[in-house]
Amino acid sequence: AEETLILVKPDGVARGLTGEILRRIEAKGYTITDLRMVRADRELLTAHYAEHEGKPFFEPLVEFMSSGPVVAVRASGHRVIEGFRSLAGATDPTAAAPGTIRGDLGRDWGLNVQQNLVHGSDSTLSAERELGLWFS
Ligand code: ATP
């Protein structure tokens with residue numbers, strides 16, 4: 001079956017939302033096949049966010065993502081990549097639709113980075129790459 005990498009970002013872990021987020025992944029019908037808590041270092045985050053290197057939010061993003069533990073999840077299921085992105089909702093939690101993880105549980109905290117609770121791979125290629133980084 002298709003696989004994706006999901007991250008519960010440091011804001012989600014710090015707010016005690018890990019269980020709620022994992023519950024939504026399972027309730028949707030996807031299978032969690034691996035899971036680990038990680039303190040991500042700069043090297044891992046630079047590789048993970050390579051496409052954003054040089055953008056104004058890159059430094060704040062790396063700072064935020066290394067500010068506390070992250071829960072990395074390997075999830076599996078037919079069309080799980082698209083399905084999880086739909087569960088997660090829009091990048092900006094203020095604009096994310098109610099019913100989604102970001103829309104129901106997230107908000108703008110007035111910081112220079114979007115603390116939006118979760119990450120999900122956006123293609124089969126990035127899923128393969130990202131699973132290799134977080135579950136090597
Ligand atoms: P993710 O990849 O985390 O699932 P996404 O694909 O919706 O979310 P990307 O465009 O890949 O978002 O950006 C990666 C992350 O960088 C976002 O989830 C958010 O935390 C942060 N980010 C993106 N755009 C901005 C921005 N304009 N200002 C601040 N932070 C941003």
So if I check each of G83, G103, which one is in a helix (DSSP H, G or I) and out of contact with any Lys or Arg (no Cβ under 9 Å at 6 or more places or on another chain)?
G103
Only one of T94, T31 is more than 15 Å from the ligand (Cβ to nearest atom) and either farther than 16 Å from V113 by Cβ or at pLDDT 95 or above (or both), namely T31
Of the residues in segment 1-22, how many are among the polar types (S, T, N, Q) and either over 14 Å from the mean Cα position of the chain (by Cα) or outside any strand (DSSP E or B) (or both)?
1
Among E130, E82, the single one that is at pLDDT 95 or above, more than 12 Å from the chain's Cα centre (by Cα) and either within 13 Å of the ligand (Cβ to nearest atom) or within 22 Å of G19 (Cα to Cα) (or both) is E82
In segment 97-127, anything polar (S, T, N, Q) and modelled with pLDDT of 95 or more is listed as T100, Q115, N116, S121, S123, T124, S126
Take L7 and tell me if it is within 10 Å of the ligand (Cβ to nearest atom) and either at pLDDT 95 or above or on the phi < 0 side of the Ramachandran plot (or both).
yes
Which residue is nearest to K28 (Cα to Cα), if the candidates are limited to segment 107-126 and must be touching a Ser or Thr at 6+ places or on another chain (Cβ under 8 Å) and more than 9 Å from the ligand (Cβ to nearest atom)?
R107
Mind checking which residues of segment 23-60 are over 22 Å from E128 (Cβ atoms), touching a residue at least 12 places away in the same chain (Cβ under 8 Å) and in a helix (DSSP H, G or I)?
R24, R42, P60
Selection from segment 100-132 of residues farther than 21 Å from E59 by Cα, in contact (Cβ under 8 Å) with a residue 40 or more places away in the chain, surrounded by fewer than 20 Cβ atoms within 10 Å (Cβ to Cβ) and aliphatic (A, V, I, L, M) yields L131
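The values are calculated or read from the model by the stated rules, or taken from the named source; none is laboratory data. As the structure is a prediction and not an experimental result, all values here were calculated from the model. Glycine also receives a Cβ, built like all others from the backbone with ideal geometry; neighbour counts cover every protein chain displayed.
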